[in-house]
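J.: Take a look at the following structure, please.
Read-outs: derived from the displayed coordinates by stated rules, not from any lab. Owing to the predicted nature of the structure, the values given are computational and were not obtained by experimental measurement. Positions of Cβ are backbone-derived with ideal geometry, glycine not excepted, and every protein chain shown enters the neighbour counts.
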Amino acid sequence: MKKMFWIIPLMILLLVGCGSDYRKYYEQVHDKLLMEQIAPLHDELLTALNDAMDVTPPDDAAQKPKYDQIATRTDEIIGEVSKLKPPEEFKNPHTKLVAYLEDFKNADLNAQKAAAGDRNTGKLARDAFKSQMVVCGKCGTENYLDRYNYTECSNCKTEIAGGYEKLGLTDKLKIIEDEFYGKKMILDNK
Ligand SMILES: [Zn+2]
């Protein structure tokens, strides 16, 4: 019976230990990287692309320093994220974040090509931010996918295969933010 008194504080210590582990990861990835760096970088690239479009004819060359700077910072962030090992509960949003960063990097590479005069590739950079329209194979309804609707047809509720992949970078980033936040809420309330 006396041994039990040791076990309880030990269990509490272990629980506290696990708790601070996920919090540490969350602070690093959600707070410091996602909210403070990735989200602003997302807005910077989108703004630079829109600024290029705001003039006639579109002038991507004027945005070249921005695109180059974004490329450097994206590589730094990818380096930091790939060093981190997510706790079990965050594996899903972590994988999504890594994929998002690769897509984002690709959009920026396309923007750099546009700045070098490749106009068609510049269009790809802008399109990466927008979600695609999906025609339902069953009922023919046009589904304009967004972060609230990408898993099933809005009319007949048939599953949209790979709906997440058809979302633009802006919707994907919001979903990733929501998933990180949602998982943390669950863990905090355990
Ligand atoms: Zn349908």
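J.: When residues of the stretch 22-72 are filtered for being surrounded by fewer than 17 Cβ atoms within 10 Å (Cβ to Cβ), of a type outside the set (A, V, I, L, M, F, W, C) and under 17 Å from the mean Cα position of the chain (by Cα), how many remain?
T.: Within the stretch 22-72, residues that are surrounded by fewer than 17 Cβ atoms within 10 Å (Cβ to Cβ), of a type outside the set (A, V, I, L, M, F, W, C) and under 17 Å from the mean Cα position of the chain (by Cα) number 9.
J.: Please go through the stretch 146-182 and pick out each residue that is closer than 29 Å to Glu44 by Cβ and either within 13 Å of the ligand (Cβ to nearest atom) or of a type in the set (Asp, Glu) (or both).
T.: Taking the stretch 146-182 first, the residues closer than 29 Å to Glu44 by Cβ are 146-150, 162-182.
Within the stretch 146-182, Asp146, Asn149, Gly163, Glu165, Asp171, Glu177, Asp178, Glu179 qualify.
J.: When the stretch 114-130 is examined, which residues are found to be basic (Lys, Arg) and either within 16 Å of the ligand (Cβ to nearest atom) or farther than 17 Å from Leu169 by Cβ (or both)?
T.: From the stretch 114-130, those basic (Lys, Arg) are 119, 123, 126, 130; that's our starting set.
Matches in the stretch 114-130: Arg119 only.
J.: A further question on this structure: In the stretch 33-77, what residues are outside any helix (DSSP H, G or I) and closer than 13 Å to Asn110 by Cα? Spell out the reasoning first.
T.: At the first step, the residues of the stretch 33-77 found to be outside any helix (DSSP H, G or I) are 54-60.
Hit for the stretch 33-77 is Asp60, nothing else.
J.: Separate question: Can you find a residue that is assigned to a helix (DSSP H, G or I), more than 22 Å from Asp54 (Cβ to Cβ) and polar (S, T, N, Q) anywhere in the stretch 103-112?
T.: Yes; the residues of the stretch 103-112 include at least one that is assigned to a helix (DSSP H, G or I), more than 22 Å from Asp54 (Cβ to Cβ) and polar (S, T, N, Q).
J.: Specify the residue that is nearest to the ligand (Cβ to nearest atom); the eligible residues are those in the stretch 131-145 that are exposed (fewer than 15 other Cβ atoms within 10 Å of the Cβ) and under 17 Å from Ile175 (Cα atoms).
T.: Per the criteria, the residue is Tyr144.
J.: Cβ contacts < 8 Å: first residue more than 17 Å from Glu80 (Cβ to Cβ), restricted to the stretch 97-114; second residue acidic (Asp, Glu) and part of a helix (DSSP H, G or I), any location; separation 6+ or different chain. Result?
T.: Within 8 Å, the pairs are Gln112/Asp68.
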